[in-house]
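Novice: Here's a structure for you.
The values are calculated or read from the model by the stated rules, or taken from the named source; none is laboratory data. In this text, all values refer to a predicted model and were calculated from it rather than measured experimentally. Here the Cβ positions follow ideal geometry from the backbone for every residue, glycine too, while neighbour counts run over all protein chains shown.
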Amino acid sequence: MDVFRAAELSEHRQEVAEAVCLLVAPGDSELLALAAERLGVSPATRATLADPARSARADLTPESVVLTLWTIDVRSEPSVAVAASTGRGLLVVVDEPVAGAVSTAVSRADGPVRALAAAALTIADQTEQRVAALAESAEDVDVATNGFFTGEQRRTMVAFRARLLRLQHQCAAQQRVLTRDADLSEAVPGLASAAERYAAAADSAAAAYAALGDALDDLRTTVSERLTIVSTVFLPLTLAGGFFGMNFGWMADHLDGATVFVVLGIVLPVLMTVATMRVVRRLSD
């Protein structure tokens, strides 16, 4: 199938004589209207293309099949792509980074229905790749903490987890839309492969979400352990300091000299510290 940018039709005034694929950038209402007119898209479908839903969906009408597909833009933020198949061709509203891959895939397809399946598979594949890259960057955030984390790092990890959870839900919803409707599967064979890509993307996001959660739990545990060690070290020292700070007459008369100070002020607290740390380790094991 031949693929054109809507801007090319606008500049050269080309007439569509056979089934073609037209690519339009989101937000370009003028070119979208021109492309929709050339492909004979109904007013209701034009409204869907101009203002797509913010959730995954599939709309089947006697004249067309419209898929609203989730993808990820170059900023790793969720984005929406819309593909409408009619008897005269395929109209795809998608961001430019994904448009090139869609153009290559659709050019090898034969007919609007297969072109729609190819476009959906390409968008799903791009989504899976970018979710996988985002999951790898989540691992880098985990490694960068190296057992310590500041408040800013903690907020970054929490925000990352929220983004991954949102992507997981969106990809899982997209996978359900592409597989649960028997009429859609019959109208557009080949969508199962795109659904598998979205399922894989949802799994990647879920795994990265869980890994960041485990990292946060480990960091909290590490902080608690370090506070416990500090308390263990200073507890005997506090006891020794309190003992020698008491001004009882008996202590002033009997506990005097360097030997008593070394034994009660240094050796005994050290032994108590070592014994306490051994007890804590045994209890933790």
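Novice: Can you tell me how many residues in the range 76-93 are in a strand (DSSP E or B), of a type in the set (G, A, S) and either surrounded by fewer than 21 Cβ atoms within 10 Å (Cβ to Cβ) or under 23 Å from the mean Cα position of the chain (by Cα) (or both)?
Specialist: Residues meeting the conditions: 2.
Novice: If the Cβ limit is 8 Å and pairs must be 6+ apart or interchain, which residue in the range 168-181 that is outside the structural domain of D125 (by TED's automatic domain parsing) pairs with which residue that is modelled with pLDDT under 90?
Specialist: Here the result reads none, with nothing in the range 168-181 linked to a residue that is modelled with pLDDT under 90.
Novice: Please find, within the range 259-281, the residue that is farthest from the chain's Cα centre (by Cα) out of those that are modelled with pLDDT of 75 or more and either loosely packed, with under 10 Cβ neighbours inside 10 Å or over 19 Å from V230 (Cα atoms) (or both).
Specialist: Per the stated criteria, the residue is T259.
Novice: Restricting the range 117-142 to residues that are of a type in the set (A, V, I, L, M, F, W, C), touching a strand residue (DSSP E or B) at 6+ places or on another chain (Cβ under 8 Å) and at pLDDT below 90, which is surrounded by the most Cβ atoms within 10 Å (Cβ to Cβ)?
Specialist: V131
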